[in-house]
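Inspection log for the structure reproduced underneath, given as structure tokens.
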Amino acid sequence: MYNFSAGPAVLPEEVLKEAAEEMLEYKSTGMSVMEMSHRSQAFAEIIGEAEQTLRNLMSIPDNYKVLFLQGGASQQFAMVPMNLMKNRVADHINTGQWAKKAIAEGKLFGRVNVIATSEDKTFSYIPEMKGLKVSEDADYVYICHNNTIYGTKFNELPQTDGKTLVADMSSDILSEPVDVRQYGLIFAGAQKNIGPAGVVVVIIREDLIRDEVLPGTPTMLKYKIHADNKSLYNTPPAYGIYICGKVFKWVENMGGLTAMQRRNEEKAALLYDYLDGSTLFKGTVVKKDRSLMNVPFVIGSAELEAKFVKEAKAAGLENLKGHRTVGGMRASIYNAMPVEGVKALVEFMRKFEEENPR
Ligand code: PLP
């Protein structure tokens, strides 16, 4: 069976097997990681190693903190404005649902300027970055780096005139190398390329970690409290962090982010090349903005699309239905999806196209 879910998504089999072996007892400690004090030496090593491996993988500079927090990526939609707004102004680029949710949340705290949008064409492209005008008083510029629902990805970053760039990388973190120094803050919900849902990883430049947050910001929503306490201010999602650490090691063993990128490009090319040659299926995103992780496609007949999803499931290809807000199909091909999974999907699509000619 191959699982094309957009998230929670497939995890590396090696990670799950290792976790199963250690479920009852972690490394002669006499207990499961779930039963362990988060103040213990064993857990200090687990979280320390997870952070260090992520730092190595992404070449995170020393002046950035790595935080393992809770509340999923959605909580960051509020934490970002609460902690980063000074003028109470944020510039956002609207590339669809996840970007819109961040815009709505930002509006609870200040003025949000939507400085570019692709809403006119159902978010099937990334707006032109050249000539983009950033507001003079903006506290930061916010993007959703890879839109999970629409399958678009920023291949060119906005020029921010020195303003802090904030990126939601929930659905493409660790899929390819990124230059962390271009961002003030990166966050990613874990449940696609990192680990179990609920955990969110925040990579934040130290000068953005401040005491002077918006009035009323709860203690648990201050980056500073978590940075000062090395993500152990309260009981962290310890088991989730342990799995994240294992996934980071897996990426490292796979050859790191350059190797991951090669593998992801190979997988995505298999699917996009097929879609481009098909007379039945059609990719929905303009070529230059296509995601390596989420590949939406349509047939243009609700009846045939339902048939496709049903028959694919029977053939062991799970979770190919598009997001409930957009319909059609979507194949999410995150890091842990093997190339064989994509080949099986393309084979199935070919067969379906033969049986259902246009
Ligand atoms: N941002 C992106 C790009 C997502 O794909 C998702 C959801 O999966 C979220 C944010 C919300 O994540 P969560 O459910 O962890 O709050």
Does residue 101 count as buried (at least 18 other Cβ atoms within 10 Å of the Cβ) and farther than 21 Å from residue 15 by Cβ? no
I'd like the residue in region 135-148 that is surrounded by 18 or more Cβ atoms within 10 Å (Cβ to Cβ) and not polar (S, T, N, Q) and, out of all such residues, is farthest from residue 88 (Cα to Cα). 145
Would you mind telling me which numbered condition in (1) on the phi > 0 side of the Ramachandran plot; (2) within 16 Å of the ligand (Cβ to nearest atom); (3) without any contact (Cβ under 8 Å) to a residue 40 or more places away in the chain residue 174 fails? (3)
Quick check on residue 248: is it modelled with pLDDT of 95 or more, surrounded by 16 or more Cβ atoms within 10 Å (Cβ to Cβ) and closer than 30 Å to residue 38 by Cβ? yes
Sort out which residues of region 264-284 are touching a helix residue (DSSP H, G or I) at 6+ places or on another chain (Cβ under 7 Å) and surrounded by 19 or more Cβ atoms within 10 Å (Cβ to Cβ), and write them in order of number. 267, 271, 274, 280, 281, 283
Taking the stated definitions as given, is residue 187 within 11 Å of the ligand (Cβ to nearest atom) and of a type outside the set (Ser, Thr, Tyr)? yes
Under 7 Å by Cβ, and 6 or more places apart or on different chains, what pairs join a residue from region 117-143 that is over 12 Å from residue 286 (Cα atoms) and not assigned by TED's automatic domain parsing to the domain that holds residue 297 with one that is surrounded by fewer than 16 Cβ atoms within 10 Å (Cβ to Cβ) and acidic (Asp, Glu)? 129/156; 134/161
Checked 97, 75, 70 against criteria (in contact with a His (Cβ under 9 Å, 6 or more places away or on another chain) and polar (S, T, N, Q)); the one match is 97
Of all residues in region 314-340, count the ones that are surrounded by fewer than 20 Cβ atoms within 10 Å (Cβ to Cβ) and small (Gly, Ala, Ser). 4
Please tell me if residue 220 is under 17 Å from residue 74 (Cα atoms), free of Cβ contacts under 8 Å to residues at least 24 places away in the same chain and within 16 Å of the ligand (Cβ to nearest atom). yes
Which of (1) assigned to a loop (DSSP other than H, G, I, E, B); (2) of a type in the set (Val, Ile, Thr); (3) more than 16 Å from the ligand (Cβ to nearest atom) is the odd one out, the single condition residue 141 does not satisfy? (1)
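Restricting attention to region 13-36, does a residue exist that is touching a strand residue (DSSP E or B) at 6+ places or on another chain (Cβ under 6 Å), modelled with pLDDT of 95 or more and among the β-branched types (Val, Ile, Thr)?
No, that holds for no residue.
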Mind checking which residues of region 155-171 are in contact (Cβ under 8 Å) with a residue 40 or more places away in the chain and hydrophobic (A, V, I, L, M, F, W, C)? 166
Exactly one of (1) surrounded by 23 or more Cβ atoms within 10 Å (Cβ to Cβ); (2) of a type outside the set (Asp, Glu); (3) at negative phi is unmet by residue 165. Its number? (1)
Please determine, by comparing only the residues of region 9-25 that are in contact (Cβ under 8 Å) with a residue 40 or more places away in the chain and closer than 18 Å to residue 238 by Cα, which one is surrounded by the most Cβ atoms within 10 Å (Cβ to Cβ). 11
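The values are calculated or read from the model by the stated rules, or taken from the named source; none is laboratory data. These figures come from a predicted structure and were not determined experimentally. For neighbour counting, all protein chains shown are included, and Cβ atoms are generated from backbone atoms with ideal geometry for every residue, glycine included.
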